[in-house]
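A quick write-up on the structure given underneath.
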Amino acid sequence: GAGVSQSPSNKVTEKGKDVELRCDPISGHTALYWYRQSLGQGLEFLIYFQGNSAPDKSGLPSDRFSAERTGGSVSTLTIQRTQQEDSAVYLCASSKRSGNNSPLHFGNGTRLTVT
Amino acid sequence: QQQVKQSPQSLIVQKGGIPIINCAYENTAFDYFPWYQQFPGKGPALLIAIRPDVSEKKEGRFTISFNKSAKQFSLHIMDSQPGDSATYFCAALPSGNTPLVFGKGTRLSVIA
């Protein structure tokens, strides 16, 4: 595809519900990253995948957050029992491979609002 | 903890002015320093990047200055335009296959 695609673009959910956020990376990109952007907090790293495996899950805020990637392509970020503090823009990025010769290409994000 | 400290948080300049955004880091194992530009409703996009073996890099109106001994780097925008109004993030990449660490961003407004 032309770029990283994220869906939905906006999601409003009630506190306590589960949500799934989807990311379609650029075709051929083996590395995929999830970041969270909150107002005034910059870009907070959540997790990254190299292929289907996740070498670094250190940024996941709690055990309510999980992510998977299948077929080396699409990734899903799942937030269980959402809380109001989960409200943020969730950004996905992909790169040809992990490391410093591969710039990140970001999608436009999913804006999550927990009411 | 690996951190990149970015300042100022927000910046307003007149058209034609030269906004300067500064970043500082502590981890000497960082070896790649990109800047990303983000417009409202869009994801960040790579603007320009530098490696620590050079002190300056220019691409069009955008210049990165890098001071390795001070562990600081900055973005300068020459002849700024209203279309440059965006949020700018500095970042640093640790050696190895670990993800980028981002600063908290600077919201730039260029007033005509």
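The values are calculated or read from the model by the stated rules, or taken from the named source; none is laboratory data. Quick caveat, the model's predicted, so the values are computed rather than measured. Ideal geometry is used to build each Cβ from the backbone, glycine not excepted, and the neighbour counts take in all protein chains shown.
Name every residue in segment B:63-81 that is under 12 Å from B:Lys15 (Cβ atoms) and of a type in the set (Gly, Ala, Ser), in order of residue number. Correct list: B:Ser80 only. Against the definition (touching a Gly at 6+ places or on another chain (Cβ under 9 Å), aromatic (Phe, Trp, Tyr) and either within 10 Å of chain A (Cβ to nearest Cβ) or free of Cβ contacts under 8 Å to residues at least 60 places away in the same chain (or both)), how does B:Phe33 come out, yes or no? No; evaluated as a whole, the condition is false for this residue. Filtered by the rule that a residue be polar (S, T, N, Q) and within 14 Å of another protein chain (Cβ to nearest Cβ), segment A:94-113 gives A:Ser94, A:Ser95, A:Ser98, A:Asn100, A:Asn101, A:Ser102, A:Asn108, A:Thr110. As a summary of the residue check, B:Thr63 satisfies the conditions (1) surrounded by 15 or more Cβ atoms within 10 Å (Cβ to Cβ); (2) touching a residue at least 24 places away in the same chain (Cβ under 8 Å) except for the one numbered (2). Selection of segment A:64-82 for residues being surrounded by fewer than 21 Cβ atoms within 10 Å (Cβ to Cβ), modelled with pLDDT of 95 or more and not in a strand (DSSP E or B) yields A:Arg64, A:Val74, A:Gln80, A:Arg81.
Working carefully through the options A:Leu46, A:Leu60, A:Leu21, find the one that is within 10 Å of the chain's Cα centre (by Cα), more than 10 Å from every other protein chain (Cβ to nearest Cβ) and within 27 Å of B:Trp35 (Cα to Cα). Every option except A:Leu21 fails the conditions. The set of residues in segment B:81-105 that are crowded, with 23+ Cβ neighbours inside 10 Å and more than 9 Å from chain A (Cβ to nearest Cβ) comprises B:Tyr88, B:Cys90, B:Ala92.
On inspection, B:Pro44 qualifies as touching a Phe, Trp or Tyr at 6+ places or on another chain (Cβ under 7 Å), in contact (Cβ under 8 Å) with a residue 40 or more places away in the chain and of a type outside the set (Lys, Arg).
One residue is enough: does segment B:101-109 have a residue meeting the conditions among the basic types (Lys, Arg) and under 24 Å from B:Gly17 (Cα atoms)? Checking segment B:101-109: at least one residue is among the basic types (Lys, Arg) and under 24 Å from B:Gly17 (Cα atoms).
Annotation for segment B:18-28: no member residue is within 11 Å of chain A (Cβ to nearest Cβ), in contact with a Phe, Trp or Tyr (Cβ under 6 Å, 6 or more places away or on another chain), surrounded by 13 or more Cβ atoms within 10 Å (Cβ to Cβ) and touching a residue at least 60 places away in the same chain (Cβ under 8 Å). Only residues that are touching an Asp or Glu at 6+ places or on another chain (Cβ under 9 Å) and within 14 Å of chain B (Cβ to nearest Cβ) were counted in segment A:76-93, giving 2.
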